[in-house]
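The structure appears right after this line, and notes come after that.
The values are calculated or read from the model by the stated rules, or taken from the named source; none is laboratory data. Keep in mind that this is a model prediction, so the values were computed, not measured. For neighbour counting, all protein chains shown are included, and Cβ atoms are generated from backbone atoms with ideal geometry for every residue, glycine included.
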Amino acid sequence: MRSAEVLVASPGRNFVTLRVMTEDGVVGLGDATLNGRELAVASYLTDHVVPLLLGRDAHRIEDTWQFLYRGAYWRRGPVTMAAIAAVDVALWDIKAKVAGLPLYQLLGGASRTGVMAYGHASGRDVPELLDSIRAQQAEGFRSIRVQTSVPGIDKVYGVAAQPSTSGRYDYEPAQRAPLPAEEDWDTSAYLRHVPGVFEAVRNEFGPALPLLHDAHHRLTPIQAARLGRALEPYDLFWLEDCTPGENQDALRLVRQHTTTPLAIGEVFTTVWDYQTLVREQLFDYVRSSVTHAGGVTALRRIVDYAAQYQIKSGFHGPTDISPVGMAAALHLDLAVHNFGIQEYMQHSAATDEVFRQTFTWADGHLHPGEEPGIGVTYDDDAAAHHPYQAAYLPFNRLKDGTVHDW
Ligand code: EZ4
Ligand code: CO
């Protein structure tokens, strides 16, 4: 590798991108965005990874991955794994460009014609939620995540501040401010309210529309079990992050009580975070992203492991996964046999001006396109208009002031 640059820009929100160039001038991009902790990964790359890349053979993807993972001695964690992911994706981008093929061809070729994606809807009350679902259907989504306000809670994760009655669903939890915003939480109020909301949605849209819901790490195992059971009549595609992900054993209890499918893993960074979950078949969908789980090389291993237990992919795709990270995910989605669904939150126009993309979106399905590589280019001139701005995810307190999982 002749050069490797860390690009930090904020076109609508912050992104960290690695751009690698080979001795022959072939360029590859990787996403290293870690929402609310962006500069830590930028420093990890600039100070500790870029100097190691110069002069290395860009085609040795596996060796470079092992070198960065084992060679650091300090393993795992989101900062390390986002940095490794950026290098890994940039090298896959380069290898595919040199081969003259879209990346999915190097991953085994297409296993399907398109990648089913789910969109997002939310409402501060049920009528607003139903309008939001209709708006996302009009945007082409055929599967929809449903989040709702809860009476008695001031601000709930996943609920857009403005109703999204048309166009792109615009929800970004991180706020540009010097300090993180404080939100509130009341589990009892949430558990009382949510089943009735899903009943209203099913009554309006019928039994066939795939519906998803994210509990965002907030419940104890027995609360999660109760929610999963209460939602069974509404036939969810999945219930996501019902308990905090650190405790893999928690899902054993949830699983004993409900047949609602479970998704987990957006904050996981390696296959080891899935060890018990996969072996004991405690969940149904792998939520990791290429960006936060060590790149295409490592995420492929996670879904291949999961495949032996009929567990499918459901990769994380919020706007804090950059178009580079999304593109890499789409190539993997298209290639792996055990694809389940892909989260798709459309980026802002400002983001799309910096990251030029080749993916297509039609009839509820994404396709990464046929350009050699991953199909994304970076516009430095456009990026120059959007310098980094400090932004933080919010955090939660219970009514009595106790910090709770956000
Ligand atoms: O909170 O991407 O399923 N999606 C999510 C996201 C995450 C953010 C964190 O950066 O849970 O909204
Ligand atoms: Co989530």
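Please find, within the range 141-154, the residue that is modelled with the lowest pLDDT out of those that are surrounded by 16 or more Cβ atoms within 10 Å (Cβ to Cβ) and not hydroxyl-bearing (S, T, Y). Residue satisfying both the conditions and the ranking: I153. One residue stands out in the range 323-348 among those that are in contact with a Leu (Cβ under 9 Å, 6 or more places away or on another chain) and assigned to a loop (DSSP other than H, G, I, E, B): the one that is surrounded by the most Cβ atoms within 10 Å (Cβ to Cβ), namely Y344. Are any residues in the range 4-23 in a loop (DSSP other than H, G, I, E, B) and without any contact (Cβ under 8 Å) to a residue 40 or more places away in the chain, and if so, which ones? Passing the criteria: only E23. Just so you know, in the range 92-107 the residues that are farther than 13 Å from V296 by Cα and outside any helix (DSSP H, G or I) include one that is nearest to the chain's Cα centre (by Cα), and it is P102. Answer with yes or no whether H213 is within 16 Å of ligand 2 (Cβ to nearest atom) and farther than 23 Å from S132 by Cα. In short, no. If you go through the range 110-133 and keep only what is touching a residue at least 12 places away in the same chain (Cβ under 8 Å) and either in a helix (DSSP H, G or I) or assigned by TED's automatic domain parsing to the domain that holds Y69 (or both), you end up with V126, E128, L129, L130, D131, S132, I133. If you go through the range 251-303 and keep only what is part of a loop (DSSP other than H, G, I, E, B), surrounded by fewer than 24 Cβ atoms within 10 Å (Cβ to Cβ) and among the acidic types (D, E), you end up with E280, D284.
Each residue in the range 134-143 was checked for being among the polar types (S, T, N, Q) and in a loop (DSSP other than H, G, I, E, B), and 1 of them qualify. Limited to the range 349-376, what total is found for residues that are out of contact with any Leu (no Cβ under 8 Å at 6 or more places or on another chain), crowded, with 17+ Cβ neighbours inside 10 Å and in a strand (DSSP E or B)? The number of residues fulfilling the criteria is 3. Only residues that are touching a strand residue (DSSP E or B) at 6+ places or on another chain (Cβ under 7 Å) and within 16 Å of ligand 2 (Cβ to nearest atom) were counted in the range 291-311, giving 1.
For the range 186-198, a residue qualifies if it is of a type outside the set (S, T, Y), away from ligand 2 (no atom under 16 Å from the Cβ) and surrounded by 15 or more Cβ atoms within 10 Å (Cβ to Cβ), and the qualifying residues are D186, A189, L191, H193, P195, V197, F198.
Report yes if S288 is in the same structural domain as P368 (by TED's automatic domain parsing), within 16 Å of ligand 2 (Cβ to nearest atom) and under 9 Å from the mean Cα position of the chain (by Cα), otherwise no. Judged against the criteria, S288 is a match. Screening the candidates V89, V79, V159, V146 for the property of being under 18 Å from the mean Cα position of the chain (by Cα) and in a loop (DSSP other than H, G, I, E, B) yields one hit, V159.
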